[in-house]
Amino acid sequence: EKGKYRHFMQKEIFEQPTVVAQTLRSYLRPGEQRVALPQIDFDITAIDRITIVACGTSYYAGLVAKYWFEQFARVPVDIDFASEFRYREPILPKGGLALFISQSGETADTLAALQHCKKQGQVIASVVNVPTSSMARESDLLLPTHAGPEIGVASTKAFTCQLAVLAALAAHFAVKKGLLNRNEEAIIVEHLLEAPACLNAALDHDEEIAEMAHLIAPARDVLYLGRGADFPLALEGALKLKEISYIHAEGYASGEMKHGPIALIDDKVPVIVLAPSGPLFEKTVSNMQEVQARGGKVVLISDKQGIEQAGEDCMAVIEMPKVHPLIAPLVYAVPVQLLAYHVAVAKGTDVDQPRNLAKSVTVE
Ligand code: F6R
C-alpha cells in the first residue's frame, strides 16, 4: 500500500530513516556502544582479501564498502559486476571471503558468481533483503538488511540499508583486527546511530528538490561528480536518473573530469556535485570550478560549511546536515534519489515501473 504517497518509490525513500534504524539495530549494541554482528564462525583476522560481487545499485553499495574496508579495516577489496566476474576467471585467494550484495537475493549473475566462489572454497557472505532467497540459503554468513519489501523498481531503501550493514561489517573487521580501540568503536557506533536522524534532515529538503527538478527535467545529459566514498553515490545518482527519467546521465570521480568528460560541458549540461565538507572537499571544489569556468551549471550538494565556502556561483544548492564521512554516503543518497524521483515526476514517466526494467533480474 502506498498510503499518502504517490508512488512506491517515494514511499520507500521516506521509509529510509525507519528501515535503516531497524537494520542497524541488528548490527549494533547501542547501550554498550559496540558493533555486534551475528555469530561468525570463521577467523576474521585470517581474511586478507575480500571479493565483492553484485549488480546495479547493489554494486554501488559494494563500491562504497570497498573504501570503508580499506580505510578502516585495512583489508584489500576486489570488486566486480557479477556479469564480468563470472567470465573473467578471477583469481581467488585461499580462504578468502566472497561477499555478495543483493536486494532480491535472486539476481541470476550474482547467484551464479556466488555458486562459483562456493565451489572454489571461498567463505560466502551475503547482504540480502529477502531472507528466504537463494543467495541467503546458499551463504555461510547471512547479513540481512531489514528494509522490508521494496516494490519500486528503482532501488532506494535497500541501498541505504545495505550501506548500514556494510559500515557495521567494516567496523567489525576493524575491531577484530585491533585497528579500532574501545573508544574509537564507540565513536563509530555513535555516528552510525545518528544516521536515521540525518536521513530525516535530508528528507526535509523534499519540496526544495521538487522545485529544482524543473531545472534538470529539460536537460538531455546530466553529470554527477563525487570523490572517495561519495564517488559511488555519483554513479548511483546517475543510474537513478537514467532509469526513471530516461535522461542520459553519467557519474564520474571528480578528478577524472579533466581526462575527458569535461569536453561535454556547456551551459546545457547540469552537473550535480556531491561534496560534503571534509578532507576531500577542496579537491572536489576545484574540479567543480573547472566545470563552472566552462559554463557548466552546477547543483552543489554539501553541508552548511561547504555551501558557504563554494556555493556562490552554483545554479542551485542542497544543504545536507553536517555528517561524519562514514555516514555521508547514506545521507547523500537521499538528495540524489529525490532529485531523480522529482525529475521523473516532472517528466510524467512511470516512476514505479520504468520501461524495459524488471525488479528482479533472473535472466543472465
Ligand atoms: C537500480 C536497480 C538495479 C538493481 C540490480 C541488482 O535501481 O534496482 O540496478 O540494483 O538489478 O538487483 P539485486 O540487488 O536484487 O541483486
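Against the criterion of solvent-accessible heavy-atom surface with a 1.4 angstrom probe, His259, His248 sort, most first, into His259, His248.
Tabulate in residue order the Karplus-calculated ³J(HN,Hα) for the stretch 289-295, using 6.51 cos²θ - 1.76 cosθ + 1.60 with θ = phi - 60°, rounded to whole Hz; enter x for Gly and Pro. My calculation for the stretch 289-295 gives 5, 5, 5, 5, 5, 9, x Hz in order. Taking only Cα atoms and a 10 Å spring cutoff, compute GNM fluctuations for the chain and point out the largest among Leu99, Leu169, Leu264. Judging by the Gaussian network model, the answer is Leu264.
Principal-axis analysis of the Cα atoms of the chain puts helix 108-119 at an angle of about 30° to the longest axis.
Once the Cβ-Cβ distance of Lys304 and Gln71 is raised to the sixth power relative to R0 = 22 Å, the FRET efficiency obtained is 0.30.
For Leu215 and Leu264, the difference between the fully extended length at 0.36 nm per residue and the C-alpha to C-alpha distance is 15.8 nm.
Ordered from largest to smallest accessible area (heavy atoms of protein chains, 1.4 Å probe), the residues Arg6, Arg227 come out as Arg6, Arg227. Compared with the dominant Cα axis of the chain, that is its longest principal axis, helix 16-25 is turned about 20°. Taking all protein chains as shown and a probe of 1.4 angstrom, Phe231 keeps an accessible surface of around 40 Å². Once C-alpha pairs closer than 8 Å and six or more residues apart are averaged by separation and normalised to the residue number of the stretch 1-143, the relative contact order reads 18 percent.
With protein chains left intact and a 1.4 Å probe, residues in the stretch 235-285 average 40 Å² of accessible area per residue. With Cα atoms defining each centre, the stretch 174-239 and the stretch 68-82 are spaced 19 Å apart in the structure. The 3J(HN,Hα) values that the Karplus relation (6.51, -1.76, 1.60; θ = phi - 60°) gives for the stretch 181-188 are, in residue order, 7, 3, 5, 5, 4, 4, 5, 5 Hz. Gly and Pro appear as x.
Annotation for Ala197 and Thr362: the two label points, set 7 Å from Cα along the Cα-Cβ direction, are 4.3 nm apart.
Averaged over its residues, the stretch 1-40 has an accessible area of 55 Å² per residue, based on protein heavy atoms and a 1.4 Å probe. Using a probe of 1.4 angstrom and keeping all protein chains present, the accessible surface of the stretch 104-189 works out to 32 square angstrom per residue.
Rounded to whole Å, the principal axis extents of the Cα atoms in the chain read 54, 45, 44, largest first. If I build a Gaussian network model for the chain, linking alpha-carbon pairs within less than 10 angstrom, which residue out of Ala263, Ala168, Ala65 has the largest mean-square fluctuation? Its mean-square fluctuation being the largest, the pick is Ala263. Projected onto its three principal axes, the C-alpha set of the stretch 214-295 covers 34, 25, 23 Å, listed from the longest axis down.
Relative to the Cα centre, the charge distribution of the chain, modelled as +1 at Lys and Arg Cβ and -1 at Asp and Glu Cβ, gives a dipole magnitude of about 640 debye.
Rounded to the nearest whole Hz, the Karplus-based 3J(HN,Hα) values (6.51 cos²θ - 1.76 cosθ + 1.60, θ = phi - 60°) of the stretch 74-89 follow the sequence 6, 10, x, 10, 9, 9, 8, 5, 4, 5, 7, 3, 4, 10, 9, 6, with x at glycine and proline. For the pair Arg355 and Ile151, a Förster radius of 25 Å applied to the C-beta separation gives a FRET efficiency near 0.90, rounded to the nearest 0.05. Projecting the Cα atoms of Phe281, Ser302, Val343 onto the dipole axis of the stretch 268-364, where Lys and Arg carry +1 and Asp and Glu carry -1 at the beta carbon, places Val343 farthest toward the positive end. Annotation for Phe42 and Tyr246: the two label points, set 7 Å from Cα along the Cα-Cβ direction, are 4.5 nm apart.
Computed with a 1.4 Å probe over protein heavy atoms only, the accessible area of Met315 comes to about 60 Å².
Only Lys, Arg, Asp and Glu carry charge here, each on its Cβ (+1 for the first two, -1 for the last two); on that basis the stretch 7-94 has a dipole of about 140 debye about its Cα centre. For the stretch 66-115, the relative contact order works out to 33 percent when only alpha carbon pairs closer than 8 Å and six or more residues apart are counted. Taking the longest Cα principal axis of the chain as reference, the axis of helix 231-245 is set at about 70 degrees. Selection among Ile247, Asn183, Leu193 by position relative to the dipole of the stretch 175-281 gives Asn183 as farthest towards the positive end (Cβ unit charges, Cα centre). The accessible surface of the chain, taken with every protein chain in place and a 1.4 Å probe, is 50 percent carbon and sulfur.
The relative contact order of the stretch 72-189, computed from alpha carbon pairs under 8 Å that lie at least 6 residues apart in sequence, is 23 percent. With both labels modelled 7 Å from their Cα along Cα-to-Cβ, the Glu138 to Asn183 distance reads 4.6 nm. Compactness ratio for the stretch 167-311: Cα radius of gyration over 2.2 N^0.38 Å (N = residue count) comes to 1.18.
The values are calculated or read from the model by the stated rules, or taken from the named source; none is laboratory data. Model, not experiment: these values are computed from the prediction. Neighbour counts are summed over all protein chains in view; Cβ atoms, including those assigned to glycine, are modelled from backbone coordinates with ideal geometry. Areas reflect the complete protein model, heavy atoms only, side chains present, ligands, DNA and RNA absent. Shrake-Rupley method; radii C 1.70, N 1.55, O 1.52, S 1.80 Å.
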